[in-house]
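J.: I have a structure I would like to understand better, so I am pasting it below and will then ask my questions one at a time.
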Amino acid sequence: MEGWWRQQAVALRAHLVELVGAERATEVDRRIVEALALPDEALEPLLRRLLRQYPAIWAWLAKRRDAGPVYRGDEGDSALPSTASYHLVADLPERHPVGRALPVQVAILRDPDGYRSAALPLTVPPEGVTVTLMLSAPTLSVASDLVQHVRVLPGADSPWAYFEVWATVPEQHRLRLRAYVGGTFLAELSVQLTATAGGLSTGHRYSTPIGLATHPDGAVTLEVVQELNSYRFVLTGGGDIVEALGPDRTTGRVELPHVLAELDHAVNGAYGGDAHLVRNHVRNTGAWLWSEVMPAAIRERFWHLLPRMRSFVVATGLDTVPWELMLPSDEHRSGADFLADLVPVVRRAPAQGAVRGLPLGERQYLAQDDAPAGARAEIEAVRRIFGDDPAAPALSSLRELVEVLESRRFGLLHLACHAGSRDGWASIALPDGELAPLLLSHAAATRAFRERAPLVFLNACRSAPSSPENAAIAGWARVFMAAGAGAFVGSMWTVRSDLAAVFADAFYRAFTTSNVTLGQATQRARAEIRGHGYDPTWLSYAVWGEPNATFSGAARAGRQAF
């Protein structure tokens, strides 16, 4: 029972109002905080005397005691792996006073208060599995570790992990909790907290189902967590975790846009078409990104994991960093290949679900009247891959596109078009208006596309925002993934239309006919266009989704080339 009373006291604070009423809750909470400052041997008798005065609290504690400790050592072991449906669960109040510590309790549970959903069975080996929990609360101060671990044994819940945060101003705050096994994403929980001038609210339980049933070897995830003034990098994979602070947020806002603007200038004629000079610029940009953005401890661990790495997932809202373009280069290390050449790189956006199968049914295509040269030929070629009528007209107006989006009846949306920005907002101009990520806000709020989990391919001159503000507010990938898309593919800078068409053709062919994963199909498509002089188009593509997602459709018809 060592530490049990301390854990229960921390957990109790979120439930005081419902147990003893708002009038008494403040005083009881104050006395609990005073007790928590004591060592364990003094804490238990003091809490017993204090809490026995309140029958509702005593009954609450008895119920948790009778439920038994969720981590039972070897008692939960068995000869065979166990499978059960699990949920990521968090307990915390919906409102909390400014300036007071708020406990956030998180666990992996099999049946949280009778919660029922489409959770997939999580395979737990006899020795159990360690689940890593990560908290992101950029507008709150965090007193606890941002990364914690719980052990799940066969047939048992995990113990509770305890995070502690507090707010300094009365406003609404967003907390995100993510769970991983090794480097594989399991689930994400987004919670809104209202900081008030005073008064506690009743505790609330939030829950979301575990989305992936397996955790393959070789999966590595880089989580970039935004803090108040900096970014924390967490590399998960190979059975352990490395944490390090990255550059402060001011440096990223000032330097990165300038570096990317120079890169765009270089690949679009700054050197008069001199391939050697373009190559030199791109490689040095990649080396700068690796050394200036990636902390030294993360770089060192990356090299250790690389021989067994099968996928590299970047989970962050920091969309403007071209992670794929990084050129891993350190003293006594290679530096010959870019990150996207070394391993399949796939991104994870906030609020993104875990989709393992992409059927790509009911395909829709868009090309503007003034689309880039070859856009219609690109769409015809993609249609042939799926056995669709290559001569069928493509969508070309905002009205047509909005009707498709509102219908939700599409498994693939391929847009071969110009994309840009107006007044700092990403947009696609069409004859009757502009499509902007803002117009997908309702779809994102309702996760409208979740049932079909479509793949969205924005093969455009400019399909990713070029500033941190744009990326945070209205990035195409973030809003489509929040709306329930299964994957998103887009280019980060101006690309040659001929290479864009080849990339799309190679990507779809690999994904639908070669029994490869989303990450592997992307890497094959990069290789297909890498040898075209030293045009870096192969590095411009970013992919959001699950790296091990596979094609689950049946349409594998025509195989005609361009």
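Read-outs throughout are calculated quantities, based only on the coordinates presented, and are distinct from any laboratory measurement. A quick note: this is a predicted structure, and the numbers were derived from the prediction, not measured. FYI the Cβ positions are ideal-geometry reconstructions off the backbone, even for glycines, and counts take in every protein chain you see.
J.: Which whole-Hz couplings ³J(HN,Hα) result when phi for each residue of the stretch 204-210 is put into the Karplus expression 6.51 cos²θ - 1.76 cosθ + 1.60, θ = phi - 60°, listed in order with x for Gly and Pro?
T.: Couplings: 9, 9, 10, 8, 9, x, 5 Hz.
J.: For P536, what charge total do you get from the other residues with a beta carbon under 12 Å from its beta carbon, if Lys and Arg give +1 and Asp and Glu give -1?
T.: The answer is +1.
J.: What are the ³J(HN,Hα) couplings of the stretch 258-264, residue after residue, when phi is run through the Karplus curve with 6.51, -1.76, 1.60 and θ = phi - 60°? Round to Hz, x for glycine and proline.
T.: 5, 4, 5, 5, 5, 5, 4
J.: Still on this structure: Spelling out what I want: for every residue of the stretch 535-545, take phi, set θ = phi - 60°, compute 6.51 cos²θ - 1.76 cosθ + 1.60 (Karplus), and round to whole Hz; glycine and proline get x.
T.: For the stretch 535-545, the Karplus curve yields 5, x, 4, 4, 8, 6, 7, 10, 10, 10, x Hz.
J.: Compute the distance in nm between two label points, each set 7 Å from the Cα along the Cα-to-Cβ direction, one at R52 and one at A392.
T.: 7.5
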